Amino acid sequence: MRITRYAILLGAVVLVVYGGLLVAQTPPATAKYIGFDNCKCHPDIITDWQKTPHAGSYDLLVNAGQEKSAACLACHSTGYGKGGFVDEATTPGLKMVTCEACHGPGSEHASTMDKTKINRIFPATVCAACHQEINIHSIKK
C-alpha cells in the first residue's frame, strides 16, 4: 500500500515537472494548409511517410469511386471542410493524409520554422477522429 502511494506521488511529480514538455501546441488561427510539398525540409520523414497507408489514402477513395464523398474525404484527405482539401485539381498536395492532417495547418511554421507554430505532439483525439474502434471500416456484415 505504501509503495503504491509513493508510485502515484512520483508519477504526479513527473507529470507536473515534465508535463509542460508534452503539451500539444496549436498552430495559430491564421495558419493555412499548404500541402506536403512544403514539408520537404524534413526529407527523412517525408520518405518514411510515403511508405505508409496515409500516403495512399486518397487513392483508396478513387479506386472505390468515393473521391467526392464528404464522409470519406474527412479521413482520407487533409483539412477537408476546414480550409484544406477541396478537390484533386485545386489542392493536390492535400489529397491524402499528409503531415498537416495530424500536425495542423503548417503555413506559419513553414514560413518561420518556429516549432511552436505547429502541433509537434498532439492528443490521441487527433488520431481517434479517424482511427476509432467504431467507424465505417469496422462494420461487420
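The values are calculated or read from the model by the stated rules, or taken from the named source; none is laboratory data. Quantities reported herein were computed from a predicted structural model and do not represent experimental measurements. With ideal geometry, Cβ positions are generated from the backbone for all residues, glycine too; neighbour counts draw on all protein chains shown.
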Region 21-47: number of residues that are in a loop (DSSP other than H, G, I, E, B), hydroxyl-bearing (Ser, Thr, Tyr) and more than 13 Å from Gly93 (Cα to Cα): 2
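Can you confirm whether region 48-69 contains a residue that is in contact with an Asp or Glu (Cβ under 6 Å, 6 or more places away or on another chain), closer than 22 Å to Phe122 by Cα and not in a helix (DSSP H, G or I)? Walk me through it before giving the result.
Keep residues of region 48-69 that are in contact with an Asp or Glu (Cβ under 6 Å, 6 or more places away or on another chain), which gives 61.
From what's left, closer than 22 Å to Phe122 by Cα: none.
Checked region 48-69: no residue is in contact with an Asp or Glu (Cβ under 6 Å, 6 or more places away or on another chain), closer than 22 Å to Phe122 by Cα and not in a helix (DSSP H, G or I).
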First in region 27-40 and at positive phi, second anywhere and crowded, with 21+ Cβ neighbours inside 10 Å and not in a loop (DSSP other than H, G, I, E, B), Cβ under 6 Å, 6 or more apart: Gly35/Leu94
Thr116 vs. criteria of a type in the set (Val, Ile, Thr), modelled with pLDDT of 95 or more and surrounded by 11 or more Cβ atoms within 10 Å (Cβ to Cβ): no
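Yes/no per residue for (1) at pLDDT 95 or above; (2) in a loop (DSSP other than H, G, I, E, B); (3) surrounded by 14 or more Cβ atoms within 10 Å (Cβ to Cβ):
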| site | (1), (2), (3) |
| --- | --- |
| Thr78 | yes, yes, yes |
| Gly93 | no, no, yes |
| Glu100 | no, no, yes |
| Ala110 | no, no, yes |
| Phe122 | no, yes, yes |
Selection count where residues are under 16 Å from the mean Cα position of the chain (by Cα) and either among the aromatic types (Phe, Trp, Tyr) or surrounded by fewer than 18 Cβ atoms within 10 Å (Cβ to Cβ) (or both), scope region 61-74: 1
